[in-house]
Structures are given as structure tokens and as C-alpha cells.
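Each remark here refers to the structure printed beneath this line.
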Amino acid sequence: MTFDTDRGRLRHLPETPLRALKWSFWWLRKTFFSKPKPENPAVVVDMTEGEAEAFLGERFVEPGWEMSYHYHNEIVNVRRVQYVGDHPSGLEWWQTHVRGYAHPSGLELTAHFEPEPAEHPDAHLDGEFVDVSRGNATLVELLEGDGIEFERIGSWTTET
């Protein structure tokens, strides 16, 4: 079997609706890569999905990795990448990954700090360095920095 590309069709690639491609990734992710929502500590804010994404986006948080696992009822998936040159693991690129879920009082947001998946795919998938406390501390810092009220839910073992 040989793989051949129809170069004539490639010229039409810019005409392919990006929205359709993104929707295809979204569908695959939710269909084949969904897991039950973890019981991580979280905050509840009085925001909609769009308001939370805009608020976080204005603070250098971008739409999440399209191929990351999807958790049941997840409606927000954003991340902020940063360089950490002195991390004890020796890994240098990290992300604060924020996920959001509908909640009766607004929007439930939870975060974790982990190796950036494109730079450190094995470490990211292994999950060895996931730090929920540090991720939530970053999330709380962003909310408090703008005077956004929130309620902590779940088991917060360390005050952030």
C-alpha cells in the first residue's frame, strides 16, 4: 500500500471551514476521550461560560489543548503556559490548566499545574507532576486580583 496525496485537492484546503475541523476534533474528543469529572477542589463564580473565558483570556489564558481528555459536563477548557527554569523536575514548560463545569450557583472552576503537553508529552501523560494546589492558587490569584467573588468547594487541603 502506498500513500499518495492529491495535490490538486490541497489547493482547496484554505476553503475548508476551520469551524468544521475544530468541531470534528471536539466531537472525537468528547466521544472517545471522556472521563468522569474528578473531585478536585474548585471555586464557584457567578459567571457564564463566555464571561469566564473572556475574563481568563484577558489574563493570558487561552483555549485548551484540543486533544486533551474531556470530562463529563465540562464546558470550559483553557490554559496558561509559562516557562519555569528552576522547577525541581528539570522540566521547563508548564501550564495552568483551568476547567469549568455548570453549577447551580454559576460556574465551577478548577485548575491544576502540569507539564505543557507539546513540550513534555510523556511527563504530561504520566501525570506525575500534576499540582492541583498550585493551579488553584493561580486561579484564585486571578479572581482576587480583579475582586471577583467566589466560593470554595471541595476539599482544600492547603489555603491558597
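Assorted remarks:
- Given charges at Cβ of Lys, Arg, Asp, Glu: segment 99-160 dipole, positive-most of Gly147, Ala118, Gly106: Gly106
- Heavy-atom accessible area per residue - segment 37-153, 1.4 Å, Å²: 51 Å²
- Each residue, Asp86 and Asp46, gets one label point 7 Å from its Cα in the Cβ direction; the gap between the two is 4.1 nm.
- From phi via Karplus (6.51, -1.76, 1.60), per-residue ³J(HN,Hα) for segment 109-121 in Hz, x at Gly/Pro: 10, 9, 9, 9, 10, 7, x, 5, x, 6, 7, 9, x
- Within the accessible area of segment 37-153, the carbon and sulfur atoms contribute 48%, probe 1.4 Å, all protein chains present.
- For Ile153, nonlocal amide neighbours, meaning residues 5 or more places apart or on other chains whose placed amide H falls under 5 Å from its own, are Ala42, Val43, Val44.
- Using only side-chain charges placed at the Cβ, +1 for Lys and Arg and -1 for Asp and Glu, the dipole size of segment 37-153 relative to its Cα centre rounds to 140 debye.
- Per-residue Karplus couplings for segment 127-133, computed as 6.51 cos²θ - 1.76 cosθ + 1.60 with θ equal to phi - 60°, are listed in order as x, 5, 9, 5, 10, 5, 4 Hz, Gly and Pro entered as x.
- Distant-in-sequence amide contacts of Arg79, defined by a placed amide H-H separation under 5 Å and a gap of 5 or more residues or a different chain, comprise Glu62, Gly64, Val98.
The values are calculated or read from the model by the stated rules, or taken from the named source; none is laboratory data. Bear in mind the structure is a predicted one, so any value in this text is a computation, not a measurement. Note that each Cβ is placed from the backbone with ideal geometry, even for glycine, and that neighbours are counted across all protein chains shown. All accessible areas refer to the heavy atoms of the entire protein, side chains included, with ligands and DNA or RNA removed. Shrake-Rupley method; radii C 1.70, N 1.55, O 1.52, S 1.80 Å.
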